[in-house]
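Visitor: The structure that follows is given in the form of structure tokens.
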Amino acid sequence: MPDQVVAASSLCVKLAQNDVIDNLNFTIGRGEVFALLGGNGAGKSTTLKTFLGAVSPSSGTASVMGLSVDADINTIRSKVAYLPESVMLYGHLTGIENIEYFLSLAGIKQAQPEIEEALTKVSLQTDAWHKNLSHYSKGMRQKTAIALALLREAPVLLLDEPTSGLDPRAIDEFNQLITTLANSGSTIFMVTHDVYGACQVAHRIGLLDKGKIVGMFERKNNAHIDIEEVHAAFSQGKIK
Amino acid sequence: MNATKQIMLDEWRYWQRTKLATTVIFIGVVLTLASVVVNTIEVRQAADERKHFQQVSESRFLEQPDRHPHRMVHYGHYVFRAPSPLSMIEPGVDAYTGTSIFLEGHRQNSATFADQRQSSGLTRFSSLSPAFLMQVLVPLLMILVGYACITREKEAGTLNIMLTQGVKKREVLTGKFLALVGSGLLVLLPLALASIWASVTGESIIVTTGFVVGYFLYILIWGAIVLWVSTFSSRKNTSFASLICLWIALCILIPRISSSTAASIVPSPGKLEADFAVLEELRKLGDGHNASDPAFNQLKANLLAKHNVNDIADLPVNFRGVVAEYSEEKLTKVLNQFAEIRMQEEVSQAEIARHFGWLSPTVSIRTFSMMMAGTNLETHHRFLREAEALRYEFIQSLNHVHQHKLDYHTDINRYRDDVVARVDAGNWNILSSFSFEPQPGMARLHQSLLYSLQLLFWCIVTLLLIKRASRRMEQ
């Protein structure tokens, strides 16, 4: 993969005197989908929060587009789009109003046709556009958030358990969307415990256990990562 | 700045669409407006009535027919304290101390011994003055409106989404803070309008401006407290529970504790106890109605020697009038001495209670508000002193008439049918008209300086707390 967009170098994070992240090293290139796979308490979400500046590294560095989270977190935040595990956005606003509001926070003024185009691109049904988000399913909220990322032209997407709670059809749609975004040059860093989904969409998968990467898998010859191989890592006890 | 404005506007939009917050704000505005209107009408009526009764009382005194001067001493006179223009917002101690005094000889009839402890804490729930609404209920309304302003974003995960739009934490906090303060300002609006009205009806503009600025600072403080707790808490429920606890502590408990502490540190005797002590001292002075009382033997001897006569009947003045004047002077000294001790105790209690303003912004604004409105304890004491000065002046003037306009022989035979012991009604023209004026604006501003510093202290402390809490905002 080309130039490093997201990088962790000897990254350590301590929370309440416990080593949650322990000497983490990885890089993600432009247009790459990197999935950090791990069980509960492995440190996946903490890793993601470190790149958002919500958690400070105790040592080592975390950087996005060459900018360190310690020094340039505000610039980094303006370049990433973040999808939390449960994308809520604002229930009192419609899908379009949500997008308009968050774009205005980013200092972007988009005309409604562009917003509608983005919502079409993420396959959000048109009859939902003007409904309050409180009536949306999780998949629909996720699509709205991705449409927002598209309109912001954020070069980096940070996804926290993106397929958790989605039905199989929504997972397929989401995976297709992620692949399309990556093909258009977006860098995608996702943390998940969904082995199947990660193998479907990621170029590389890092297996995380107790804050350490204990295994790394990558696509060979453009084929999906072998789910059997990754699954074997779980069954061998590498992932708990 | 644009992001701050967007966040503020969105908070308002959220309140509007979720209805609860707008209902709370609406109730707050209506309640304050109704309270301002009702109190304005009441104070206006009270001012007119007291002015009218003051005139009636003065003219009735002057219209009294020819009489014995000592009967006029006991006929007495009323003085009324006209309400200050801002008392329609802040009645202060007026509601507990009374505003009229019956002035007569040998007595200080007044509410001098009113208990200052009654003016704070839960007992104030009985009066819904605009000041009380602003001091106690508006913080509660702001809590209901804003307790979840940050925790809601945390729980929904929208805070991180906001931050990843490039918005700074400072902008999020400022936007939410402005929205919250805006809700408080809406409730403050009727009070500000009433203050403008007070300026129109004669109150100093410096005072009304300072008064509104004080309440503005109070809203800033509560906006900051609500935002701080919401930023600090990770859950809406925690934020709400913490804020309610803080409200109870700052608005109810500390004001109550402040007065109880003051009363324990500076204990003051009850009214009965104080009255008995006064009576004990007065007994030593002799009865001014009885010129033969041994207490006045020395006075009689001095007077006889001075005029070189052997009998009081030969004196060029009415000895009974002299005794009345002498007795009134001695008696007033004793009464004033007790009254001053009592007032000093009340002021000491009030000053101790006011120091609790460093622990509760509600105590600070309450003191500041009463000082600026001229409804504080010191103003009430000034009214008592001015009324007493008037009482002493007209009683002694009547005693002077007694000495010089009614001869002793007629006086001692006043109960005989053929004797008319009266003086001409023209002698009643000794009464000065009474008009209690509020202190000048600058003087009130100067008096309330310490309490405006307390409010500024709270502003700084709460803003520093927000800054500190913002560090763990995303966790």
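Visitor: Give the angle, between 0 and 90 degrees and rounded to the nearest 10, that separates the Cα long axis of helix B:254-265 from the longest principal axis of the Cα atoms of chain B.
Guide: In chain B, helix B:254-265 runs at an angle near 40 degrees to the longest axis.
Visitor: In nm, what is the difference between 0.36 nm times the number of residues separating B:Leu449 and B:Arg67 and their Cα-Cα distance?
Guide: Separation in residues times 0.36 nm, less the Cα-Cα distance, equals 132.3 nm.
Visitor: Cα centroid distance between the range B:338-410 and the range A:8-76, in Å?
Guide: 71
Visitor: Just the number, please: percent antiparallel of the DSSP beta bridges in the protein assembly as shown, rounded to the nearest 5.
Guide: 60
Visitor: Considering every residue in A:98-108, what mean count of other chain Cβ atoms within 10 Å of its Cβ is obtained?
Guide: 5
Visitor: What is the packing order of peptides B:298-304, B:240-246, taking the mean over residues of other C-beta atoms within 10 Å and listing the highest first?
Guide: B:240-246, B:298-304
Visitor: Give me the inter-chain shielding for B:149-162: mean count of other chain Cβ atoms within 10 Å, whole number please.
Guide: Shielding by partners across B:149-162 averages 5.
Visitor: Another question, then. Less than 19 Å apart at the alpha-carbon level, and either on another chain or at least 8 residues along: which lysines does that give for B:Lys176?
Guide: B:Lys5, B:Lys19, B:Lys154, B:Lys168, B:Lys236, B:Lys467
Visitor: Using a simple spin-label model with points 7 Å from Cα along the Cα→Cβ vector, what separation in nm is obtained for B:Asn310 and B:Asn237?
Guide: Modelled inter-label distance: 10.2 nm.
Visitor: Considering amide H positions built from the backbone, and no H for Pro or chain starts, which residues 5 or more places from A:Glu85, or on another chain, come under 5 Å of its amide H?
Guide: A:Asp160
Visitor: Show that you can apply the helix-only estimate: for chain A, add -39,500 (n - 2.57) for every DSSP H stretch of four or more residues, divide by all residues, and state [θ] at 222 nm to the nearest 500.
Guide: When only DSSP H runs of four or more count, the value is -10500 deg cm²/dmol.
Visitor: In units of 2.2 N^0.38 Å, what is the alpha-carbon radius of gyration of chain B?
Guide: In units of the globular-protein estimate, chain B measures up at 1.31.
Visitor: Where does chain B land at 222 nm, in deg cm²/dmol rounded to the nearest 500, when only DSSP H runs of n ≥ 4 count, each adding -39500 (n - 2.57), divided by all residues?
Guide: Estimated from H runs of four or more residues: -22000 deg cm²/dmol.
Visitor: Could you give the nm distance between label points at B:Ser100 and B:Lys467, where each point is 7 Å from its Cα heading toward the beta carbon?
Guide: 5.6
Visitor: Right, next: Can you give me the long-range amide H partners of B:Val423? Hydrogens built in the peptide plane at 1.01 Å from N, cutoff under 5 Å, separation of 5 or more residues or another chain.
Guide: B:Arg67, B:His68
Visitor: Between A:Ala223 and B:Ser260, what FRET efficiency comes out of the Förster formula 1/(1 + (r/R0)^6) with R0 = 56 Å and r the beta carbon distance, rounded to 0.05?
Guide: E between B:Ser260 and A:Ala223, to the nearest 0.05, is 0.10.
Visitor: Between the range B:3-67 and the range B:207-266, how many Å separate their Cα centres?
Guide: 23
Visitor: Find the Cα radius of gyration of chain A, compare it with 2.2 N^0.38 Å by division, and give the number to two decimals.
Guide: Output field value: 0.99.
Visitor: Can you tell me how the protein assembly as shown classifies by the Cα gyration tensor, rounded, prolate or oblate, using a/c under 1.5 as the rounded cut?
Guide: Judged from the Cα gyration tensor, the protein assembly as shown comes out prolate (a/c at least 1.5, a/b above b/c).
Visitor: Taking 0.36 nm per residue of separation and subtracting the Cα-Cα distance, what length does fully extending B:Arg416 through B:His355 add?
Guide: Working it through step by step, the gained length comes to 15.6 nm.
Visitor: I would also like to ask the following. Using each residue's phi in the range B:229-240, evaluate 6.51 cos²θ - 1.76 cosθ + 1.60 at θ = phi - 60° and report the 3J(HN,Hα) Karplus result to the nearest Hz, with x for Gly and Pro.
Guide: Values per residue, Gly and Pro as x: 5, 5, 6, 6, 7, 9, 10, 4, 4, 5, 4, 5 Hz.
Visitor: Return the average number of partner chain Cβ atoms within 10 angstrom of each residue Cβ along peptide A:67-74.
Guide: What the average comes to for A:67-74 is 1.
Visitor: Using the alpha-carbon atoms, what tilt in degrees (0 to 90, nearest 10) does helix B:169-200 show relative to the longest principal axis of chain B?
Guide: On a 0 to 90 degree scale, this one is about 30.
Only the coordinates and a few stated rules stand behind these numbers; no lab work does. Quick caveat: nothing in here was measured; it's all calculated off a predicted structure. Virtual Cβ from ideal backbone geometry, glycine too; neighbours counted across all protein chains shown.
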